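J.: Quick one: the structure is below, questions incoming.
The values are calculated or read from the model by the stated rules, or taken from the named source; none is laboratory data. Source: prediction; values computed, not measured. FYI the Cβ positions are ideal-geometry reconstructions off the backbone, even for glycines, and counts take in every protein chain you see. These area figures cover heavy atoms from the full protein model, side chains too; ligands, DNA and RNA do not enter into them. Shrake-Rupley method; radii C 1.70, N 1.55, O 1.52, S 1.80 Å.
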Amino acid sequence: MRNWSIPAGRLFGVELRVHLTFFFLLLFVWLTESARGSTNAGRGLALVGIVFASVVLHELGHALVSRRAGIPAKAIILLPIGGVTLFDEAQHPLGPAMLNWKRDVRIALAGPLVNLLLAAVAGGVLLAEFPQVHLWAQPYVYSSNLPRSLVWCNLGLALFNLLPAYPLDGGRILRAMFARRMDPVRATRRAVSIGQVFATLLMLAGIAWPNFVGLTMIGFFLFIAAQLEDRSAVFQSVLEAVRLEDIMLTGFATLSPADTLEDALEKAVHSLQDDFPVVRGSDMVGVISKQKILQALRAEGNGYVQAVMNRMFDVAQKKESLASAFRKLTARNLSIIPVVEDERLIGIVTLQNLMHSMALLAESRKLRKATLDA
């Protein structure tokens, strides 16, 4: 998801990212305005700005309600038809413990309600104070009449998102209904399939009726958003299914708290590891990274590992899921988790080998699917 989006700051502690499809919207508006004979590029840019602001407020409505429900959002990827919210991995809504269809419906409805409220307030002000705007005249969304566009953009965004096409909000409500009688990942993938059917129909409608060419662009955005959500659901299902014993490193190097930093660096040079458990006897007492060893050597010269190792670390059991390890790594911003059995260190999971394992697992799933299809 992040590969196809660019950062746009933070709002209420939530990272905002703009999906590259917004640039397609800019191109589409420019082409449409050129066809109508408009030469004011600034107004076209302002129209895209209205869409962008409406989408931001729509997604913030979701984020604030989800935070009140105990599911904080980490990031929002903004698309012209809405957005994709990335939740805290520790409280991901696809996790078995997070099933609550009534709460999911409330979160889904929050975005459209924000847009409907904005449309109602702006429309009321325009009708009362600025009748020359001609609120009911066509075209409803047009760069030459930005106040009218503000009302209809928000109204259109709200109504469109209530369609039962995942990942639109209506599709999220549909997913919540499915999740009442099946596991959440399967419910998500079924809702995504319905969403992709809607997206395909919209694109075909735009091709069949040139006067509604905008439907093709909307269908394209919807299809992209559905793919993002499908990947997120698959990623979460793999995290929950794989056990640490399947991917942990069992051949690893350790350091002693009595090792000097120069000795530790010498060991690190001959190892592929970036992070090392620090062990005294049979007890693990800390962790240290190559980067930390180098920083300490540059800043203070040679010393002992004990003085600079990180004593704050978490451990995991070999039967724990990959999702559990991912939550522990991200919750404390760790880069290594020791795996223990009967209080004995039997393996390690690092962020580096976890991401490599995820890539290999994804590839193995593709190969198995290709074999079954053949």
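J.: Looking at the chain, how many pairs of lysines come closer than 19 Å at the Cα, when each pair is eight or more places apart or spans two chains? Don't skip to the end; give the middle numbers.
T.: Details: Lys74/Lys328; Lys267/Lys290; Lys267/Lys292; Lys318/Lys328; Lys319/Lys328.
Lysine pairs meeting both conditions in the chain amount to 5.
J.: For the chain, what does the accessible surface come to per residue with a 1.4 Å probe? Please give it in Å².
T.: 52 Å²
J.: Just to check I understand the Karplus step: with θ = phi - 60° and J = 6.51 cos²θ - 1.76 cosθ + 1.60, what whole-Hz values come out for segment 7-12, glycine and proline as x?
T.: Couplings: x, 9, x, 10, 9, 6 Hz.
J.: Of Ala176, Phe160, Phe130, which is farthest on the positive side of the dipole of segment 70-211, counting Cα position, with +1 on Lys and Arg Cβ, -1 on Asp and Glu Cβ, and the Cα centre as origin?
T.: The residue sitting most towards the positive pole is Ala176.
J.: In deg cm²/dmol and to the nearest 500, what is the mean residue ellipticity at 222 nm of the chain if only DSSP H runs of at least 4 residues count, each as -39500 (n - 2.57), divided by the residue total?
T.: Working: 13 runs with 212 residues, N = 374.
For the chain, the value works out to -19000 deg cm²/dmol.
J.: How large is the translational diffusion coefficient of segment 199-321 in µm² per second when you combine the Kirkwood radius over alpha carbon pairs with Stokes-Einstein at 20 °C and 1.002 mPa s? Show your work: numbers first, answer last.
T.: On the way: Rh = 18.7 Å.
The calculation lands on 114 µm²/s.
J.: Here are labelled values, (1) 40.3; (2) 24.7; (3) 17.3, and one is the computed mean projected area of the Cα convex hull in nm² for what I pasted. Which one?
T.: Working out mean projected area of the Cα convex hull in nm² from the coordinates points to (2).
J.: Once amide H atoms are built 1.01 Å from N in the peptide plane, which residues 5 or more positions from Val279, or in another chain, come under 5 Å H to H?
T.: Leu255, Ser256, Val285
J.: If you stretched the chain out fully between Arg231 and Leu265, how much longer would it get, using 0.36 nm times the residue separation minus the C-alpha to C-alpha distance?
T.: Working it through step by step, the gained length comes to 8.3 nm.
J.: Counting only chymotrypsin sites (Phe, Trp or Tyr not before Pro) that sit in a DSSP loop (anything but H, G, I, E, B) with at most 12 other Cβ atoms within 10 Å, what is the longest stretch of the chain containing none of them?
T.: 137-374
J.: So if I place +1 on the C-beta of Lys and Arg and -1 on the C-beta of Asp and Glu, and nothing else carries charge, what would the dipole magnitude of the chain be about its Cα centre? I want it in debye, nearest 20.
T.: I would put it at about 1040 debye.
J.: Tell me the trypsin sites (Lys or Arg not before Pro) within segment 141-181 that lie in a loop according to DSSP and have at most 13 other beta-carbon atoms within 10 Å.
T.: Arg180, Arg181
J.: Helix 184-208 versus the longest principal axis of the chain: what angle, 0 to 90°, nearest 10, using Cα atoms?
T.: Once rounded, the angle reads 40 degrees.
J.: What translational diffusion coefficient, in µm²/s and rounded to a whole number, does the Stokes-Einstein relation yield for segment 130-233 at 4 °C and a viscosity of 1.567 mPa s, taking the hydrodynamic radius as the Kirkwood radius over Cα pairs?
T.: 86 µm²/s
J.: On the accessible surface of the chain, probed at 1.4 Å, how many percent belong to carbon and sulfur atoms?
T.: 61 percent
J.: Ranking request for peptides 57-67, 282-292: highest mean number of other beta-carbon atoms within 10 Å first, then the rest in descending order.
T.: 57-67, 282-292
J.: Could you order the peptides 340-348, 109-117 from most to least packed, using the average number of other C-beta atoms within 10 Å per residue?
T.: Output ranking for 340-348, 109-117: 109-117, 340-348.
J.: Let me know the shape class of segment 284-323, please: from the alpha-carbon gyration tensor, a ≥ b ≥ c as square roots of the eigenvalues, rounded when a/c is under 1.5, otherwise prolate if a/b is greater than b/c, or oblate.
T.: Cα axes put segment 284-323 in the prolate bin.
J.: Compactness ratio of segment 42-196: Cα Rg over 2.2 N^0.38 Å, N = residue count?
T.: Scaled against compact globular proteins, the figure is 1.14.
J.: Okay, moving on. Taking amide hydrogens as modeled 1.01 Å from N in the peptide plane, which residues meet the under 5 Å criterion relative to Val18, leaving out close sequence neighbours?
T.: Under 5 Å from the amide H of Val18: Ile6, Ala8, Leu78.
J.: Sticking with this one: Relative contact order of the chain, please, whole-number percent, based on alpha carbon pairs below 8 angstrom and at least 6 residues apart.
T.: Here the relative contact order equals 11 percent.
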